[in-house]
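Asker: Can you read through this structure? Questions will come right after.
The values are calculated or read from the model by the stated rules, or taken from the named source; none is laboratory data. Bear in mind that the values here come from a model prediction, so they are computed numbers and not experimental data. For neighbour counting, all protein chains shown are included, and Cβ atoms are generated from backbone atoms with ideal geometry for every residue, glycine included. When the accessible area is computed, the model is the full protein with side chains, heavy atoms only, and any ligands, DNA or RNA have been set aside. Shrake-Rupley method; radii C 1.70, N 1.55, O 1.52, S 1.80 Å.
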Amino acid sequence: MNKHDFPQIHFYDQDFVDIYNKTWAWVSSYWLNPKTGEQDSEGLFVYPEDQKMIINQFESIFSSFFLVYSNRNFDACNNIDYFYARQEENGAIRSKYDVTNDQPVLNADNPNGIGLPLFAWAEYNLYHKSANKRRIKDVMPFLQKYMAWLDSSFKQENGLYAVPAAVSTMTNSPRENCVYPVDFNACMAINASYMSALGDILNDKELSFQYKKMYFSIKTRINSLMWDNDTGFYYDLDENQNKLSVKTIAAYWTMLAEIPNADKADRLVEHLNNPDSFGTEHPFPTLSADNPHFSENGDGYCGSVAPAFNFMVIKGLEKYGQYELARECAIRHLYFVLEAMMPNENKEPGDLWEAYLPNKEGKAGLVAIPENQNFPRKRYLLTTALSTIALMIENVIGLSISLPRKTVDWIIPNLEIMGIENLSLKRNLITILSNKSNRGWEIQMESEKLYYFTINILDQKKKTLPIPSGKCSMLIDKL
């Protein structure tokens, strides 16, 4: 085994393993040299459309969450660095660029080309998967200038940010009259909280405090102005700060931002379990099922299930310790992704799609939406691979890895034959597999260096052990 193979996963359902392997095999065909359009692993990760090559901030940030598992076959930072390199004097970074000429792509719905501000979230994750502290130091000036630009340009007197709803990327979501979008404001809070965490990593108390203060200020405003106690939900506001009664998946960014207290979070989770809200057969639609605009056909963001938003909801559930629900929804979602990959009916070839139907198998219905005339796009790995790779490793198998802390946490809701083999952690390949032997359930491990392993089974057994280099195994009954 060499470091340039991808980590192998083991799971009792071989289809999950196949789709994981297939995704890695496909990813390489979207690494393109911006000038020639030829395949190039040193290039940028782009989805080529109609001879155009557009790089997108939202997808570049999200794709870093699965590219970190490529055993360094693909650089998870390339796309993100492209955006930093285009930063303007005033701190602006636009949400889309044409990589053939490096010019921003702006449109009437989003004339300033604002993207959801999530760079710091991505950088924090990159740090934990690479332990590259120097990088944080290098990117901090870009991140600070970017936040200052957003703050000075879009913050209003009420402490919230006014930007077009189209910034959310849910371009045809029924959010008319939205002036203060709940998702953009929650993302400002997320970015501020991770900026503070990056400040801590750099031991910069002042930086950490500055962004912590900003985070709490946004959090307070969202809770006081956007929460509706009668329906247990966060809403967009119109220009007069009235709540707009449309329930969209956008509200769940607040959980990722840790904005709701435990009671509010429980009420948001109720909506995820309610079939009339977001608890559709295929979790989670982008628009609540009781909305008059909700479409069983998905119709763009009027009910389609979109992998990036599912990833966001599942990561939000983790913040509130809802690991079992997160895993169950990840598995349900993956079964629908699999079904569309291998459809049995009408002999249509299957594939991975940008979006799926909310209540039955298959890709979302074809529809032209603003900015994307052929939704859902086929083999749209920039976001779908979040499901087949990142959710697979983190939520289905249940591994959470931090290199700087030298820790691997494994949360297993039930004992199954599963695990990961040859995952490269900064010059350290590790393997963790659970198997049933004649002595009972055992976990086999192999590593080149010492690390700390925390296993949490069924919330009943939790133990942290130092794992030496070389091979070892432990019996679960002995824990």
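Asker: For Glu239 and Lys213, what does the FRET efficiency come to when R0 = 22 Å and r is the distance between their Cβ atoms, rounded to the nearest 0.05?
Answerer: Computed FRET efficiency for Glu239 and Lys213 comes out at 0.20.
Asker: Leaving out ligands, DNA and RNA, what percent of the accessible area of the range 238-335 is carbon and sulfur, probe 1.4 Å?
Answerer: So the carbon and sulfur contribution to the accessible surface is 39 percent.
Asker: Right, another one. Any chance you could check the Cα centroid distance between the range 209-284 and the range 51-120 for me, in angstrom?
Answerer: 27 Å
Asker: May I pose another question? For the range 25-76, give the percent of accessible area contributed by carbon and sulfur heavy atoms, probe 1.4 Å, rounded to a whole number.
Answerer: That fraction is 45 percent.
Asker: What whole-number value in Å² describes the accessible area per residue of the chain for a 1.4 Å probe?
Answerer: 41 Å²
Asker: Shifting gears a bit: Across the range 294-304, in residue order, what do the Karplus-derived ³J(HN,Hα) couplings come to in whole Hz, using 6.51 cos²θ - 1.76 cosθ + 1.60 with θ = phi - 60° and x for Gly and Pro?
Answerer: 4, 10, 5, 8, x, 6, x, 9, 9, x, 4
Asker: Loop only by DSSP, 16 or fewer other Cβ within 10 Å of the Cβ. Give me the GluC sites (Glu not before Pro) in the range 1-97 that pass, ordered by residue number.
Answerer: Of the GluC sites (Glu not before Pro), the ones in loops of the range 1-97 whose Cβ has at most 16 other Cβ atoms within 10 Å are Glu38, Glu42, Glu88, Glu89.
Asker: Taking all protein chains in place and a 1.4 Å probe, what share, in percent, of the accessible surface of the range 94-143 do carbon and sulfur account for?
Answerer: Here carbon and sulfur together make up 49 percent of the probe-accessible area.
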